[in-house]
Amino acid sequence: MTDIVKAITGAKLIDGSGGKPVDDAVIVIKGDRFEKVGRGLDVPKGAEVVDAAGRTVLPGLIDSHLHLCSNGDPNIFSMLQYPMGMLQLFGYRNALNELEAGFTTVRDMGAPHGFALSLRQAVEAGVVRGPRIVAAGKVISMTGGHADFHLASGVSYTGMSRIADGVADCRKAAREQLRDGSDFVKICSSGGVMSPTDPVDTPQFTPEEIEAMVYEAACVGKTVASHSHGATGIKNAVLAGVKTIEHGSLIDDEAVKLMAQRGCFHVPTLVAGWNIVQHGKEAGIPAYAVDKAEEIAHEVRKNVMRSHRGGVKVAMGTDAGTPFNRHGGNAQEIIHLVDAGFTPMEAIVAATRTGSECIGLEKQVGTVEPGKLADLIVVEGDPLRDIKVLGDKANILLVLKGGVVEVNRGI
Ligand SMILES: [Zn+2]
């Protein structure tokens, strides 16, 4: 395996760094890594050659926020009707859909029963095919917070979240996730759309509680990602040392400044709210979720540009698994970023290099450069001219993950 040499020739290369594309690029891959990348390089003797003339090569795409074991059903509580093992199997199928769409790395932001962690292990061990997975265990939420799945009937669904209150309990909750093998800790520091009784813009957890969870993660070299819509919840999280702000829908100038200063990432997930508003209550999405999504809909695009222009690093994430936000449709978010005001190149960087930094894999993936893992896609058409080509799987002709062909649509 390590001796196999492949070369991709003739394509236009967008390497993920944001630099000028390279025409007629040659990409030499040895084993699982890129060995040489540049224009007009010699193809090593005996290499397996893929002629990609007229096509575009990009790094394997990265989705920095999704939920592998959620299917995009209108109501999140539909997961209660399945035997637990089904949720694991859904995760496997959804992960394959990601790979088929050109996404070679994904970050799972919370799955029931540690299923994203077991999926990660299964992919790493070669038991199943799938993208590289960076995963949290359960989502940590306060009582009545975004991930407190407590129904009005009095029934609580505790498979997906760990409810914690007070500094000591938050500390313990973070330690539990880290013990279970989480790559990072996922918390909720503001209200959310898919939860019934917490207004989107209200803060959740005290600054001291968040600090305790950040401290525990940092002790083992890990970071915290915070679901935060409202400005106060965002600022509490940023000041407590959280690395990534998820959604960030109601971010204000003060929060932008803080995040830029501290190098925090913003993962806007535009497509999540868009799908909820488009499909609405008629499609079976709970009324409270539709009302909340509509309440913030007109702010989110403006605010992602507020972050972007203010120097905050924006990573692309879909929140796939939320209503009608299906796995495999991930590139829609790249298109939404362009609609919001990103250039196509900026949106691609958000889904490649910045994504890799956001999820802590910048040394391994995110750009096509010597030494990194050979994750790339060959695309029919030029996404710099028409970003929508990335949204149609038929255009993703070849998907390489670690030098291995995962998808080949006939190139
Ligand atoms: Zn999410």
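Just a few scattered comments:
- Sole residue being surrounded by fewer than 19 Cβ atoms within 10 Å (Cβ to Cβ) and among the aliphatic types (A, V, I, L, M), chosen from V28, V49, V57, V22: V49
- Filtering region 259-269 to residues that are hydrophobic (A, V, I, L, M, F, W, C), buried (at least 17 other Cβ atoms within 10 Å of the Cβ) and more than 13 Å from the ligand (Cβ to nearest atom) leaves M259, C264, F265.
- T9 buried (at least 23 other Cβ atoms within 10 Å of the Cβ), among the hydroxyl-bearing types (S, T, Y) and at pLDDT 95 or above: no
Conditions (1) farther than 14 Å from P59 by Cβ; (2) within 16 Å of the ligand (Cβ to nearest atom); (3) more than 14 Å from the chain's Cα centre (by Cα), marked per residue:
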{"residue": "M305", "(1), (2), (3)": "yes, no, yes"}
{"residue": "T322", "(1), (2), (3)": "yes, yes, no"}
{"residue": "H327", "(1), (2), (3)": "yes, yes, no"}
{"residue": "E333", "(1), (2), (3)": "yes, yes, no"}
{"residue": "G355", "(1), (2), (3)": "no, yes, no"}
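- Those residues of region 261-297 which are small (G, A, S) and either farther than 16 Å from S226 by Cα or not assigned by TED's automatic domain parsing to the domain that holds V238 (or both), in sequence order: A272, G273, G280, A283, G284, A287, A289, A293, A297
- Annotation note: of R93, R120, R107, the sole residue that is within 16 Å of the ligand (Cβ to nearest atom) and basic (K, R) is R107.
- Matching option when the condition is part of a helix (DSSP H, G or I), open to solvent by less than 70 Å² (accessible area, probe 1.4 Å) and more than 16 Å from the ligand (Cβ to nearest atom), among A297, A293, A289: A297
- Matching residues, region 207-250, being open to solvent by 20 Å² or more (accessible area, probe 1.4 Å), out of contact with any helix residue (DSSP H, G or I) (no Cβ under 8 Å at 6 or more places or on another chain) and either small (G, A, S) or not assigned by TED's automatic domain parsing to the domain that holds I140 (or both): A218, G221
- Evaluated against (1) more than 16 Å from the ligand (Cβ to nearest atom); (2) under 19 Å from the mean Cα position of the chain (by Cα), T244 falls short on exactly one condition, (1).
The values are calculated or read from the model by the stated rules, or taken from the named source; none is laboratory data. Since this is a predicted model, take the numbers as computed values, not measurements. A quick note on method: Cβ atoms are made from the backbone with ideal geometry, for glycine too, and the neighbour counts reach across all protein chains shown. These accessible areas exclude ligands, DNA and RNA; they are computed on the full protein's heavy atoms, side chains included. Shrake-Rupley method; radii C 1.70, N 1.55, O 1.52, S 1.80 Å.
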